[in-house]
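Below is one structure, written out as structure tokens; the observations come after it.
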Amino acid sequence: MYSRIAGTGSYLPEKILTNADLEKIVDTTDEWIRTRTGISQRHIAVEGETTTDLAEHAARNAMAAAGVTAEEIDLVCVGTTTPDLVFPNVGTLLQDRLNIHGCPAFSLEAACASFLYALGVADKFVRLGDAKCALVVGAETLTRLVDWSDRGTCVLFADGAGAVVLKPAEEPGIISTHLHADGKYKDLLLYPDGVSLGFNLVRAGKAGVRMKGNEVYKVAVNTLGQLVTETLSAKGIDKSQLDWLIPHQANIRIIEAIAKRLDLPMERVIVTIETHGNTSAASVPLALDAGVRDGRIKRGQLLLLEAFGGGFTWGSALVRY
Ligand code: COA
């Protein structure tokens, strides 16, 4: 038994923040942001607009694309680092919005790799016969964690959501998923406050994403390079067989480095970073849905999804769409 992607969906909040807008907030330029990151604009959740709001739109779009109703969903798994509440979890809040009752619903947190983690977990539920229709979401309001006085990070992050519906299949579908983490890198990219630390930095107005950008960059390129090699060699697939790379959208230079490693021309990479920015857990399913909806990604094609995030956490999926 395998799982297959029956439908995809996504959603971006309406409010757009351009590089020109950021020039008014911090000492930066449109030219610096575009050349160093590939980002021109990003979507931002307005006050009161939550991760569950974004997840609900993406989920409904994916369910419509898959042709499934709420009654059919028997697993809700949301990857996110920016939950609305400490609890109930976003999976449960989303389940309620969709009027689904009784099935397992949870969120899991692996920073920007959260969607790949959620996909890996949900795939196993379906493969084992424990779910017949799984809703898997990556949703994030990461700009809520941003320190808007830190030009090294505030230009990167954005909000959004993407979703897929997984159904059982006799042929893959999801061929394999590969999940990894190494907490020794915890100090390179983090939000240094939280529940059990008492939110003291938040209270003092000193919280915000902290990142050693240069070091993150180097480890990301190296780790993702090894990850794509591992993903292909696990099933004896040659890189020439790949139709699309659907990478985490953190930095265009990281994306180009991984495409090069795979000998893939950029025409076979789904790139959304210019208009989406880094939406963390939402970035891969947003890019997947963009490629599906504009007709580039077709049924039967071979896709490699990958992501890398704080922890560090990283993960990939090889998918026959
Ligand atoms: N505008 C203008 N200048 C900026 C700036 C901004 N928004 N942010 C940083 N700078 C400055 C720095 O202060 C530094 O100035 P200095 O040389 O006077 O000290 C200079 O630009 C170079 O900074 P550096 O950090 O070396 O730039 P970089 O080429 O490494 O690019 C990142 C910075 C963040 C774009 C890049 O390191 C990166 O993308 N890292 C990976 C981040 C990532 O992917 N994070 C998410 C993982 S999920």
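Show the residue pairs that are 6+ apart or on different chains and have beta-carbon atoms under 7 Å apart, the first residue being within region 178-191 and farther than 16 Å from GLU215 by Cα, the second being within 13 Å of the ligand (Cβ to nearest atom) and of a type in the set (Phe, Trp, Tyr).
That search, which allows pairs on different chains as well, returns HIS180/TRP314; ALA181/PHE312.
How many of the residues in region 234-260 are under 20 Å from GLN301 (Cβ atoms) and open to solvent by 10 Å² or more (accessible area, probe 1.4 Å)?
Qualifying residue count, region 234-260: 11.
Sort through GLY277, GLY309 and tell me the only one that's within 16 Å of THR80 (Cα to Cα), buried (at least 24 other Cβ atoms within 10 Å of the Cβ) and in contact with a helix residue (DSSP H, G or I) (Cβ under 9 Å, 6 or more places away or on another chain). Lay out the reasoning, then the answer.
Values: GLY277 fails: within 16 Å of THR80 (Cα to Cα).
Answer to the selection: GLY309.
Are any of the residues in region 38-45 in contact with a helix residue (DSSP H, G or I) (Cβ under 8 Å, 6 or more places away or on another chain) and among the hydroxyl-bearing types (Ser, Thr, Tyr)? Working first, answer last.
Our first condition is that a residue be in contact with a helix residue (DSSP H, G or I) (Cβ under 8 Å, 6 or more places away or on another chain); within region 38-45, this holds for 38-45.
Checking the rest, the ones that are also among the hydroxyl-bearing types (Ser, Thr, Tyr) come to 40.
The answer is yes; a qualifying residue exists.
Within region 5-54, restricting attention to residues that are hydroxyl-bearing (Ser, Thr, Tyr), within 13 Å of the ligand (Cβ to nearest atom) and open to solvent by less than 30 Å² (accessible area, probe 1.4 Å), which residue is farthest from ILE254 (Cα to Cα)?
Kept after step one, since they are hydroxyl-bearing (Ser, Thr, Tyr), are these residues of region 5-54: 8, 10-11, 18, 28-29, 35, 37, 40, 50-52.
In the following step, the residues that additionally are within 13 Å of the ligand (Cβ to nearest atom) were identified as 28-29, 35, 37.
If we keep only those that are open to solvent by less than 30 Å² (accessible area, probe 1.4 Å) as well, we get 28, 37.
On the way: THR28: 21, THR37: 9 Å.
Top of the filtered list is THR28.
Being within 16 Å of the ligand (Cβ to nearest atom), among the charged types (D, E, K, R), within 12 Å of the chain's Cα centre (by Cα) and open to solvent by less than 10 Å² (accessible area, probe 1.4 Å) is the requirement here; does GLU140 meet it?
Details: within 16 Å of the ligand (Cβ to nearest atom): yes; among the charged types (D, E, K, R): yes; within 12 Å of the chain's Cα centre (by Cα): yes; open to solvent by less than 10 Å² (accessible area, probe 1.4 Å): yes.
Criteria met by GLU140.
Among the numbered criteria (1) farther than 15 Å from ILE273 by Cα; (2) under 20 Å from the mean Cα position of the chain (by Cα), which one does ILE44 miss?
Here ILE44 meets the rest and fails (1).
The values are calculated or read from the model by the stated rules, or taken from the named source; none is laboratory data. Small disclaimer: the values here were computed from a predicted structure and weren't measured. Note that we place each Cβ from the backbone using ideal geometry, even for glycine, and neighbour counts take in every protein chain shown. To get the accessible areas, we keep the full protein, side chains included, count just its heavy atoms, and leave off ligands, DNA and RNA. Shrake-Rupley method; radii C 1.70, N 1.55, O 1.52, S 1.80 Å.
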